[in-house]
Amino acid sequence: MAITHNLGFPRIGSQRELKFAQEKYWRGEINQSELITQGKQLRSKHWQQQSSLDFLPAGDFSFYDQVLDMSFLLGNIPSRASNSHTNDSTELDTYFRVARGRSAHDSGCSCISAGEMTKWFDTNYHYIVPEFTNDTAFSLNPEKLLSQIAEAQSHNAKVKPVIIGPVTYLWLGKEKDASNKLALLDRLLPVYQALLAQLANAGVEWVQIDEPILVTELDQEWKNALQRSYLSLQKSPVKLLLATYFGQLQDNLPLISQLPVAGIHLDAINAKDETTALIDSLPASSIVSLGVINGRNIWKTDLNATLDWLEPIASQLQDRLWIAPSCSLLHVPVDLGSEEHLDPDIKSWLAFAHQKLEELSTLQTALNQGRQHVTAALEANQQAINSRRQSPRVNNPSVQQAVANIDAKLGQRQSDYPHRAAIQRNKFNLPLYPTTTIGSFPQTAGIRAARLQFKKAEISEVDYTSLMHQEIKYAVDEQEALGLDVLVHGEAERNDMVEYFGEQLQGYAFSQYGWVQSYGSRCVKPPILFGDISRPKAMTVNWTQYAQSLTTKPMKGMLTGPVTILNWSFVRDDQPRSDSCYQLALAIREEVQDLEKAGVTIIQIDEAALREGLPLRQSQWQDYLTWAIESFRISANGVGDATQIHTHMCYSEFNDIISAIADMDADVITIETSRSDMELLDVFDHFNYPNDIGPGVYDIHTPNIPTQAQMVELIEKAAERIPAERLWINPDCGLKTRQWKEVIPALQNMVAAAKTLRQRALKVAS
Ligand SMILES: CN1c2c(nc(N)[nH]c2=O)NC[C@@H]1CNc1ccc(C(=O)N[C@@H](CCC(=O)N[C@@H](CCC(=O)N[C@@H](CCC(=O)O)C(=O)O)C(=O)O)C(=O)O)cc1
Ligand SMILES: N[C@@H](CCS)C(=O)O
Ligand SMILES: [Zn+2]
């Protein structure tokens, strides 16, 4: 009998109830008990929605982030936040302080910097990085998890708590001093032992312990740590289901099969080929959990094909087979049923979290009772699979031909950088240390409310355009007043830098409620790339032209690049990612050329997700970088020498891919560096980056306002590595999540910093 379970359910709620409750709490509009009640109601609803499962997950809910929850469970709370307890502050307040920081301005107390945030493996989810020092001590703090387990148990179901394993937990964190985080394992393991004992006391039989690092290339010391950890946990009174996901085990397969755990979860979407080897290498008593429903995309599973493959495995494994989605469903939207406007054909091809669990239940019935018990469901599924395969809407021969015709010339600028730079210097006549911003200005409640009204047809397109023009004018006037050199229109009209383009490209569908948590309360609605991509008409030209008409300063045309659009969309599983990327590149190239024709002289093509799209295994990087960089070049390089191409990336750990970044051959690249105190620029000590670069001097992720002196110091550090003539001054990233009252003083200081540096340069010259 195959058993079903789930690795985790989306926590935001089908209507983003959690987001709205969190933000209300932070604004002081609801109190803590109201927030806690909202969390409880959501969990209860989500367990009801998962009631067909044999095991319900618990511990997958979070008020901000599951890694931060783990830090609190293990008593690893940064001292700057825990020491700032005031009499009336609670653990939840401390938790949010670590997650979000605290500005002196808001609290009247000293400011506390937020925990660092970084992406969760190769997803668009971001976690709060655990912090470690030589003095880090751990202590068990299990009340919250235990109470969620009790809540889940009240649903009359077996409950399987979900925790992050000790080795992945250490791997995810950052040493804040010279310590070696693996040295902390001996302090950590007793806390895990105590935790597992408490879970057993709570009536738990199985615990899912996640070690996704097992799909990455691990040094021997990390492999040893895994071995040591699970040897030390083998006597625990609960059974451990060791979960891996997001990829193949490859050379970690022999290691995992030796670990003394009661079961292994394998991502049988990405590592399907390893199933037999894993089964063969495990002891005869081991549970094998196969992740057969893709937890990273929104396509219906081909249930008949899955059963063709699974049935013999089920016969072999009998009661030892568990089935589940490949990973937590955190990465997919909640419920397709909420969608009212999706094209019916396309909707019939899709499955969100709720539907994925229905698929799982169908598979279970078919395996345990025979396919004849779910004939109708299997037939309907087959119809949907066939409809998608045969749909003329998926295939556009002219797009496929255009991709087949791509040749090296398409990725080449007319002249090399020094030649272009000379032409552009003459044309733009910018001062030393030119100042600019990354594109977006605050997405105010007013802007979002106007868009909502427009979407509900409560205001006309003319009214909406006029409201957005007012916002653009406001942003341009502010930038003029600030004295910035190269302006942006502010992106007011964009809901999101990827969804906005998805909405306008043929071959994309977009949902109403397909939200996925990106970090904290922030969500994204990845557009759905279902067919060959083409651009019916210009997407940004009118807005940019309008903005340019308001100023004599250069106005950057602002686009999202093909690699980022791809990496932040739900993509096709019926062709290689590279093919979809080249199609996007051709569409963006047309937009770039239209902007140039419309007189836009500087065009920024953001590739925020190029670095983060790197495969989890370094051995696969080169292949990815080859098509990703080529796609960027195709999109960017169809312009004349006098048109200045900028690109922007917010994750700047470039050390290992710097030559690929240089190969992009953008005239100017703006990057995130301020949070690392320019340390990320160390790479330029030994790599002579050839083009212009704007290392961010203003950390936009905090409300704290950088001073002029801080920014001068940062740029001086940058100038030690990169000639001043090639340096730009800008924030780390876009300003959409900030408020105008923060942005204005910060940019005033930034412009003043540039002026100070110019004066210093003049003095040196004279
Ligand atoms: C740079 N980042 C991005 C990533 N991925 C993307 N796809 N886009 C990115 O920008 N990944 C890495 C980082 C992650 N960072 C962020 C930063 C900010 C957000 C964010 O602010 N998300 C918004 C949702 C944005 C959006 O699409 N808004 C829509 C809908 C607005 C809305 O909620 N309307 C309400 C009514 C509001 C009102 O009346 O005031 C409604 O519909 O009910 C829009 O602007 O039209 C968020 O709020 O979470 C995400 C990732
Ligand atoms: N142009 C975008 C880039 C974000 S990575 C913005 O400014 O928001
Ligand atoms: Zn950015």
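The values are calculated or read from the model by the stated rules, or taken from the named source; none is laboratory data. Since we're looking at a predicted model, the values are computed, not measured. Glycine also receives a Cβ, built like all others from the backbone with ideal geometry; neighbour counts cover every protein chain displayed. Surface areas here come from the heavy atoms of the whole protein model, side chains and all, with no ligands, DNA or RNA. Shrake-Rupley method; radii C 1.70, N 1.55, O 1.52, S 1.80 Å.
Would you point out which residue out of 652, 635 is buried (at least 20 other Cβ atoms within 10 Å of the Cβ), in a loop (DSSP other than H, G, I, E, B) and within 16 Å of ligand 2 (Cβ to nearest atom)?
Going through 652, 635 in turn, just one is buried (at least 20 other Cβ atoms within 10 Å of the Cβ), in a loop (DSSP other than H, G, I, E, B) and within 16 Å of ligand 2 (Cβ to nearest atom): 652.
Scan the range 518-529 and report the pairs whose first residue is more than 16 Å from ligand 3 (Cβ to nearest atom) and whose second residue is in a loop (DSSP other than H, G, I, E, B) and basic (Lys, Arg), with Cβ atoms within less than 9 Å and a gap of 6+ or a chain change.
Pairs that qualify, where the first residue is more than 16 Å from ligand 3 (Cβ to nearest atom) and the partner is in a loop (DSSP other than H, G, I, E, B) and basic (Lys, Arg), are 521/16; 523/16; 529/572.
Going by the structure shown, is residue 63 within 23 Å of the chain's Cα centre (by Cα) and either basic (Lys, Arg) or in a loop (DSSP other than H, G, I, E, B) (or both)?
It is true that residue 63 is within 23 Å of the chain's Cα centre (by Cα) and either basic (Lys, Arg) or in a loop (DSSP other than H, G, I, E, B) (or both).
Residue 464 - would you say it is part of a helix (DSSP H, G or I), surrounded by fewer than 22 Cβ atoms within 10 Å (Cβ to Cβ) and within 16 Å of ligand 2 (Cβ to nearest atom)?
no
Looking at the range 530-557, which of its residues are among the basic types (Lys, Arg) and in contact (Cβ under 8 Å) with a residue 60 or more places away in the chain?
Answer for the range 530-557, where residues must be among the basic types (Lys, Arg) and in contact (Cβ under 8 Å) with a residue 60 or more places away in the chain: 553, 556.
Can you tell me how many residues within the range 474-527 are within 9 Å of ligand 1 (Cβ to nearest atom), assigned to a helix (DSSP H, G or I) and aromatic (Phe, Trp, Tyr)?
Final tally of qualifying residues: 1.
Could you please find all residues in the range 724-752 being more than 32 Å from the chain's Cα centre (by Cα) and either open to solvent by less than 50 Å² (accessible area, probe 1.4 Å) or within 16 Å of ligand 1 (Cβ to nearest atom) (or both)?
724, 752
For residue 686, state whether it is open to solvent by 50 Å² or more (accessible area, probe 1.4 Å) and closer than 22 Å to residue 482 by Cα.
On the way: open to solvent by 50 Å² or more (accessible area, probe 1.4 Å): yes; closer than 22 Å to residue 482 by Cα: no.
For residue 686, the condition - open to solvent by 50 Å² or more (accessible area, probe 1.4 Å) and closer than 22 Å to residue 482 by Cα - is not met.
With (1) surrounded by fewer than 18 Cβ atoms within 10 Å (Cβ to Cβ); (2) in contact with an Asp or Glu (Cβ under 8 Å, 6 or more places away or on another chain); (3) not assigned by the TED database to the domain that holds residue 623 as the list, and residue 551 as the residue in question, which single condition is left unmet?
Against the list (1) surrounded by fewer than 18 Cβ atoms within 10 Å (Cβ to Cβ); (2) in contact with an Asp or Glu (Cβ under 8 Å, 6 or more places away or on another chain); (3) not assigned by the TED database to the domain that holds residue 623, residue 551 comes up short only on (3).
Rundown of residues vs (1) within 16 Å of ligand 3 (Cβ to nearest atom); (2) touching a residue at least 40 places away in the same chain (Cβ under 8 Å); (3) in the same structural domain as residue 431 (by the TED database), yes/no style:
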position	(1), (2), (3)
664	yes, yes, yes
697	yes, yes, yes
714	no, yes, yes
721	no, yes, yes
726	no, no, yes
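Does the range 221-238 contain any residue that is at positive phi and part of a loop (DSSP other than H, G, I, E, B)?
no
If you go through the range 25-46 one residue at a time, do you hit one that is surrounded by 17 or more Cβ atoms within 10 Å (Cβ to Cβ) and touching a Pro at 6+ places or on another chain (Cβ under 9 Å)? Reasoning before the result, please.
Taking the range 25-46 first, the residues surrounded by 17 or more Cβ atoms within 10 Å (Cβ to Cβ) are 25, 30, 35, 38-39, 42-43, 46.
In the following step, the residues that additionally are touching a Pro at 6+ places or on another chain (Cβ under 9 Å) were identified as 46.
Among the residues of the range 25-46, at least one is surrounded by 17 or more Cβ atoms within 10 Å (Cβ to Cβ) and touching a Pro at 6+ places or on another chain (Cβ under 9 Å), which makes the answer yes.
Mind checking which residues of the range 232-247 are closer than 19 Å to residue 163 by Cβ and either outside the structural domain of residue 57 (by the TED database) or not hydroxyl-bearing (Ser, Thr, Tyr) (or both)?
Residues satisfying the conditions are 233, 234, 235, 237, 238, 239, 240, 241, 242, 243, 246.
Against the condition in a loop (DSSP other than H, G, I, E, B), open to solvent by less than 10 Å² (accessible area, probe 1.4 Å) and at pLDDT 95 or above, how does residue 51 come out, does it pass?
So residue 51 fails the test.
Can you give me the number of residues within the range 591-627 that are assigned to a helix (DSSP H, G or I) and away from ligand 2 (no atom under 16 Å from the Cβ)?
Residues in the range 591-627 being assigned to a helix (DSSP H, G or I) and away from ligand 2 (no atom under 16 Å from the Cβ): 14 in total.
Quick one: how many residues across the range 175-184 are under 21 Å from residue 121 (Cβ atoms) and out of contact with any Phe, Trp or Tyr (no Cβ under 7 Å at 6 or more places or on another chain)? Give the derivation first.
Going through the range 175-184, the residues under 21 Å from residue 121 (Cβ atoms) turn out to be 175, 181-182.
Going one step further and asking which of them are out of contact with any Phe, Trp or Tyr (no Cβ under 7 Å at 6 or more places or on another chain), we end up with 182.
Residues that pass the stated criteria total 1.
Please enumerate the residues belonging to the range 717-756 that are in a helix (DSSP H, G or I) and of a type in the set (Phe, Trp, Tyr).
The one that is in a helix (DSSP H, G or I) and of a type in the set (Phe, Trp, Tyr): 740.
Any idea which of 384, 445, 377, 421 is in the same structural domain as residue 743 (by the TED database), touching a residue at least 24 places away in the same chain (Cβ under 8 Å) and within 35 Å of the chain's Cα centre (by Cα)?
Within the list 384, 445, 377, 421, the selection yields 421.
Across the range 396-454, which residue is surrounded by the most Cβ atoms within 10 Å (Cβ to Cβ) among those that are assigned to a loop (DSSP other than H, G, I, E, B) and within 16 Å of ligand 3 (Cβ to nearest atom)?
If we filter the range 396-454 for residues that are assigned to a loop (DSSP other than H, G, I, E, B), which is where we start, we get 396, 405-407, 412-416, 429-434, 437-439, 441-444.
With the extra rule that they be within 16 Å of ligand 3 (Cβ to nearest atom), the set shrinks to 437-439, 441-443.
Numbers: 437: 27, 438: 29, 439: 24, 441: 27, 442: 21, 443: 21.
That would be 438.
Sort out which residues of the range 260-277 are more than 15 Å from residue 321 (Cβ to Cβ) and either open to solvent by less than 10 Å² (accessible area, probe 1.4 Å) or basic (Lys, Arg) (or both), and write them in order of number.
267, 271
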